[in-house]
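**Student:** Below is the structure I would like to discuss, written out as structure tokens.
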Amino acid sequence: MSLKLEAPSRTTVEALEFSSASLAGRREHNDDACATCVPGGVELRYRGALAAVADGVASAEAGGAAARAAVSGFLSDYYSTPETWTIKQAAARVLQSLNGWLHRQGGGGEIAQGWLTTFSAVIFKGASAHLIHIGDSRIHRLRDGRLECLTRDHSRALGPGRTFLSRALGMDAHVEVDYRREPLHPGDIYLLTSDGVHEHLPPATMAEILQRGDDDPARALVDAALAAGSGDNLSAAVCRVERVAQPEGDDLLAHNRQLPFPPDLSPGNKLDGYLILQELQASPRSQLYLARDTETGSLCAIKTPSVNFADDPAYIESFIAEEWTGRRLDHPGIIRIHPPKPERQFLYHVMEAIDGQNLRQWMQLNPRPELEQVRDFIGQLVSALRRLQRMEIIHGDLKPENIMLTRDGRLKLIDLGGASAAGLAEHLRFRDGTPPGSKNYAAPEYFFGDSPSHRSDIFSLGVITYELLTGHYPYRERFGSRHYQLKSYAGMQYTSARQHRADIPEWIDGALQKACAPDPRYRYPALSEFVHDLHTPNAEFAAGEDRPLMERNPLLFWQLVALLLLLSHLLHLL
């Protein structure tokens, strides 16, 4: 039988050297797929380079098509994911989508007809290797002369020499993918193989070939496995780590961190081609100016950092991260942050100029707005927050001062300084444990040191809605700059909105209480549910006093439980 060879590839990037090869071997068709990808520019910085191997299940008619679809689809879709997603999240989302498509193509998982394939990939980004794996292809690492398999086969033995896959892409409607992150060391060699290679070459032989210094080690490996009697398709991808890149934070922030803070600005001053017209706002942390671009004549806002934090690396990193986040958002309800001019000499943001007032000012002029007006405002805010959610961004600092109302009645979220995105966190080196928002609006989990989520923004939105309707906070107001301490969620007691406005229906009050529930487990899981309950009576809230005491007043509930236990103990002693 003639042998069919797919052309090997060899690619070199500054810190990595790749090679890959795939053979049909002694079979008529090659049901493996193998690829390496080294993108350029921003994609390489935020998504890294990668190598992938897929082995189509031989007992499935479309195994080869599934393998090729998995590799090509992953390469295409992975590099299209938002930069705000983590590597793990981006890879998982793409593979879940690919798995669903393969499962449907195969008619619901029938192995005889299915589009089934294994899939293993290594993503090299910064100083880390991210391993993605499902099936019985393998990922190995050669370090200090020792070859180690970093994955486990998702297969079960049927008897001597007989196994079957317990997990593969396309096998079930939902797929569980193994993920692992490993630090890179100079001289590391990562090897991905299909079973046609590693079942016929012992680890010592593979290590010897990798250390020989061949120009194309992947081709040398598949040739050796074929010579050793492999009757399967054979694929291998090799990545040699020449040097380890600097931590990702340096790559993202190095240039901007070197920029000096601007001097104090006054009307008439010029800053990198912007004419300062007016100071709009000044706080201990930043200054905001209205400016005109002298080149285009357009108005904009310039935000500059406070010199009080010139020696605070966490503050500088947070200020730069605000620009990074804002430039990746495009929504009419979120302030636009523009790219800086190439000749920028100082650290600042260039933002759209908004003609209007903030929501706090509007609330002072409209202390008892109509319910329909509040619904309209909340609907606009929810639209903007949904865009943040799709980008996996948490605003973190929702409050009336950070919401602008334009002259045409549209709301815009501003001040992204407290925003957090998992993808951005991979690039940051400094962490500030201080809650980003105002203590009267920030979700309680911030004060426990727990991880925030999108329900944290829902809490803040609930407080804003309550305040719009009543002019008060749903919980006891906290004054001063002293760091606020919480002992438990039960320590926060909700005040019914009906105590401030008797015309508020009980079902609206119930929706507000659920939106800003202290414990995130009891809040709305989705913004759409809160919006629905603001417009349509929810039977859950129709008779507020009929709800369990635990929901209406958790503090009183636990106080009563403690009292009953104490009485029980005293009666037992008597």
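Per-residue answers, yes or no, for (1) surrounded by 13 or more Cβ atoms within 10 Å (Cβ to Cβ); (2) at pLDDT below 80:
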residue: 498; (1), (2): yes, no
residue: 514; (1), (2): yes, no
residue: 537; (1), (2): yes, no
residue: 546; (1), (2): no, yes
residue: 552; (1), (2): yes, yes
residue: 558; (1), (2): yes, yes
residue: 573; (1), (2): no, yes
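**Student:** Before we move on, is residue 201 farther than 20 Å from residue 94 by Cα and either polar (S, T, N, Q) or in contact with a His (Cβ under 8 Å, 6 or more places away or on another chain) (or both)?
**Tutor:** When the stated conditions are applied, residue 201 does not pass them.
**Student:** Is it the case that residue 381 is in contact with a strand residue (DSSP E or B) (Cβ under 8 Å, 6 or more places away or on another chain) and assigned by TED's automatic domain parsing to the domain that holds residue 535?
**Tutor:** When the stated conditions are applied, residue 381 passes them.
**Student:** Just wondering, is there one or more residues in region 190-201 that are closer than 16 Å to residue 133 by Cα, surrounded by fewer than 16 Cβ atoms within 10 Å (Cβ to Cβ), at pLDDT 90 or above and not polar (S, T, N, Q)?
**Tutor:** no
**Student:** Regarding residue 336, is this residue at pLDDT below 95, surrounded by 14 or more Cβ atoms within 10 Å (Cβ to Cβ) and outside the structural domain of residue 528 (by TED's automatic domain parsing)?
**Tutor:** In short, yes.
**Student:** Tell me which residues, restricted to region 349-365, are in contact with a Lys or Arg (Cβ under 8 Å, 6 or more places away or on another chain) and part of a loop (DSSP other than H, G, I, E, B).
**Tutor:** Matches in region 349-365: 352, 354, 355.
**Student:** Given (1) farther than 13 Å from residue 171 by Cα; (2) surrounded by fewer than 17 Cβ atoms within 10 Å (Cβ to Cβ), identify the lone condition not met by residue 94.
**Tutor:** Going through the list (1) farther than 13 Å from residue 171 by Cα; (2) surrounded by fewer than 17 Cβ atoms within 10 Å (Cβ to Cβ), residue 94 breaks only (2).
**Student:** Additional query: Looking only at region 194-216, count how many residues are out of contact with any Leu (no Cβ under 7 Å at 6 or more places or on another chain) and of a type in the set (Val, Ile, Thr).
**Tutor:** Total satisfying the criteria: 1.
**Student:** Does residue 71 satisfy being of a type in the set (Val, Ile, Thr) and touching a Leu at 6+ places or on another chain (Cβ under 9 Å)?
**Tutor:** no
**Student:** Among the residues that make up region 345-359, is at least one of them in contact with a helix residue (DSSP H, G or I) (Cβ under 8 Å, 6 or more places away or on another chain) and closer than 24 Å to residue 503 by Cα?
**Tutor:** yes
**Student:** Taking residue 246 as the residue in question, decide whether it is modelled with pLDDT under 85 and out of contact with any Asp or Glu (no Cβ under 6 Å at 6 or more places or on another chain).
**Tutor:** Answer is yes for this residue.
**Student:** Tell me the residue from 344, 285 that is more than 20 Å from the chain's Cα centre (by Cα) and more than 21 Å from residue 418 (Cβ to Cβ), please.
**Tutor:** The match here is 344.
**Student:** Just for strands (runs of 3 or more DSSP E) wholly inside region 154-231: which have at least 2 residues that are farther than 29 Å from residue 125 by Cα and without any contact (Cβ under 8 Å) to a residue 24 or more places away in the chain?
**Tutor:** So the answer is 155-159, 162-165.
**Student:** Given the options 346, 319, name the one that is buried (at least 20 other Cβ atoms within 10 Å of the Cβ), outside any strand (DSSP E or B) and of a type in the set (Phe, Trp, Tyr).
**Tutor:** Among 346, 319, only 319 is buried (at least 20 other Cβ atoms within 10 Å of the Cβ), outside any strand (DSSP E or B) and of a type in the set (Phe, Trp, Tyr).
**Student:** Follow-up question, since we're still on this one. Does region 409-423 include one or more residues that are at pLDDT 95 or above, outside any loop (DSSP other than H, G, I, E, B) and over 29 Å from residue 264 (Cβ atoms)?
**Tutor:** yes
The values are calculated or read from the model by the stated rules, or taken from the named source; none is laboratory data. Keep in mind that what you see is a predicted model, and the values were worked out from it rather than measured. Note that we place each Cβ from the backbone using ideal geometry, even for glycine, and neighbour counts take in every protein chain shown.
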